[in-house]
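Values in this text are rule-based calculations from the coordinates and carry no lab data. If you're wondering where the values come from, they're calculated on a predicted model, not measured in any experiment. Note that each Cβ is placed from the backbone with ideal geometry, even for glycine, and that neighbours are counted across all protein chains shown.
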């Protein structure tokens with residue numbers, strides 16, 4: 001028989017460790033505790049706590065790179081293999097929409113790392129011009145020449 005103030009014991013008379021007692025907690029209490037924790041995590045996520053996977057800002061129709069950033073972008077992105085001829089009558093200027101016949105590519109990770117502002121953009125090489133393009137509306141945001 002167990003007396004008040006005494007630790008619970010096994011049938012052999014040995015004291016039952018507190019950890020064993022905790023393991024015998026009813027399943028409903030454990031499930032309720034898990035539910036409360038999940039609700040807390042969900043609330044924290046919905047509350048706007050910044051994530052480590054923050055996305056870059058969306059591409060805009062204009063991009064103002066410094067001279068140093070332009071040189072780095074040219075070094076990282078320029079390749080003769082990607083150079084294309086512009087369709088007749090097309091002038092690659094900021095704000096112009098890139099014609100359907102012009103192929104654009106994602107900015108590679110190295111270039112996006114060296115010039116983070118380039119990350120949300122695409123690019124194309126047109127007649128020795130590096131054209132930075134907003135992928136959502138295909139407008140030229142920046143034209144870089146060497």
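Can you put 110, 139, 71 in order of Cβ neighbours within 10 angstrom, beginning with the fewest?
Values: 110 11, 139 17, 71 14.
Exposure proxy ranking, most exposed first: 110, 71, 139.
From a point 7 Å beyond the Cα of residue 61 in the direction of its Cβ, which residues of segment 122-146 have a backbone N at a distance under 14 Å?
What the label zone holds, given the 14 Å backbone N cut-off, is 134-142.
Taking only the alpha-carbon atoms of segment 67-145, what semi-axes of the equivalent ellipsoid follow from 5 times the gyration tensor eigenvalues under a square root, in whole Å, largest first?
Values: eigenvalues 73, 34, 24 Å².
Result for segment 67-145: semi-axes of 19, 13, 11 Å.
Please report 114, 91 as a ranked list, fewest other C-beta atoms within 10 angstrom at the top and most at the bottom.
Lowest to highest Cβ neighbour count: 91, 114.
Counting other beta carbons within 10 Å of each residue's own, what order do 123, 90 fall into, fewest first?
Details: 123 25, 90 16.
Least to most surrounded, the residues fall as 90, 123.
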